[in-house]
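Report on the following structure.
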Ligand SMILES: NC(=O)c1ccc[n+]([C@@H]2O[C@H](COP(=O)([O-])OP(=O)(O)OC[C@H]3O[C@@H](n4cnc5c(N)ncnc54)[C@H](OP(=O)(O)O)[C@@H]3O)[C@@H](O)[C@H]2O)c1
């Protein structure tokens, strides 16, 4: 490596670029979060991030924000610059045209049209490129985007509130409040990092949730409800409060794709009077949704689990006693799962599990 910066300096600037990238959260999907910092003679002269889908890429915003001529400077960017014409011109050309001398990249772009080709194009034009700084942090931050690009499926997290005996409520005809205020705030933060939240018909009917991020700052994700026969009443919160877009997944045997003033209807394959859960995830991905939080009851969670469609599980447990309870958490988080973290939220405990093969890939 013949660049003039120390490893510590590069990591510090890349951390800054990652922080900037997070400001795009909630507005860029299905694009990734990307940040960029321009440095000249050891001093930051420009910063930018991808602010919204269809808008300028991070590199363009950083160059436009430069307070000095960027010729001869170094660009620090969290994802490999694009080399294709998409909604905006290629960033590689922009860096070449602006006389950038060298580029530091955290992660390669998994998109096969770019993967490595952006780096190659920069090098072919005399720009020194160094890649691999904090690349794991960037791929973790963009895990939805990475999975969506590689597999055509969203990153799926299941959230469960239960008591210490593993009960999610009294029964599936009753709403049961199980966890505390800290857990609620934490789960709203989790929601704010996702593109969409999915619930089942029965949860929509019994709990009538809003599925917003109201106790934290952030953008409300889209709301998706499974409703094969379109029997849910139109006055429930997700149809009537205008807080976020709502998508109804219905049977393709009965309905066409269409849209009303309060929701969008997307037909999904039906098998034995149930939704084909694999098709559910494919249809969601086709909408440009790269991450989904399932907040349904046990029936739907079990169906997604049986088809190994779940990547992570967040379990919020309380010491709440639920007399005569029968609504059991259906997940057996044993050999295929790894406990990634656990912490106390007041008297509640939050445990985060991840599928083992995903942990090994990290
Ligand atoms: N503690 C928690 O974390 C938590 C979270 C959410 C909900 N809940 C509680 O859970 C209860 C509802 O649970 P639930 O399990 O009955 O409802 P659910 O999982 O929210 O929804 C299940 C319904 O979805 C429909 N469905 C369509 N395709 C399906 C498929 N492939 N697999 C499974 N279901 C499919 C079926 O409705 P149709 O037969 O009408 O088509 C099914 O009855 C409520 O009491 C609610 O309060 C607890």
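Rule-based calculations on the coordinates, nothing more; no lab input. On a predicted model such as this, the values are computed, not experimentally measured, just so you know. As a convention, Cβ positions derive from the backbone with ideal geometry for all residues, glycine included, and neighbour counts pool all protein chains shown.
With neighbours defined as other Cβ atoms within 10 Å of a residue's Cβ, the residues 316, 130 order from fewest to most as 130, 316. For region 1-147, dividing the convex hull volume of the Cα atoms by the residue count gives 94 Å³ per residue.
Counting every C-alpha pair in region 145-361, the share spaced more than 29 angstrom apart comes to 22%. Between the alpha-carbon centres of region 93-117 and region 185-231 there is a gap of 37 Å. Reported to the nearest whole Å, the Cα centre-to-centre distance from region 30-86 to region 289-344 is 39. Normalised by the number of residues in the chain, the mean separation of alpha-carbon contacts (under 8 Å, six or more apart) gives a relative contact order of 15 percent. Over region 218-291, the hull volume per residue, using the convex hull of the C-alpha atoms, is 91 Å³.
Here the relative contact order of region 212-315, from alpha carbon pairs under 8 Å that lie six or more residues apart, stands at 17 percent.
Fewest neighbouring Cβ atoms within 10 Å first, the residues 149, 292 line up as 149, 292. In summary, region 277-321 shows an alpha-carbon radius of gyration equal to 1.36 times the 2.2 N^0.38 Å reference for compact globular proteins. The alpha carbons of the chain give a radius of gyration and a Dmax of 22.6, 71 Å, in that order.
Estimated purely from DSSP H runs of n ≥ 4, each contributing -39500 (n - 2.57), the mean residue ellipticity at 222 nm for the chain is -7500 deg cm²/dmol once divided by its residues.
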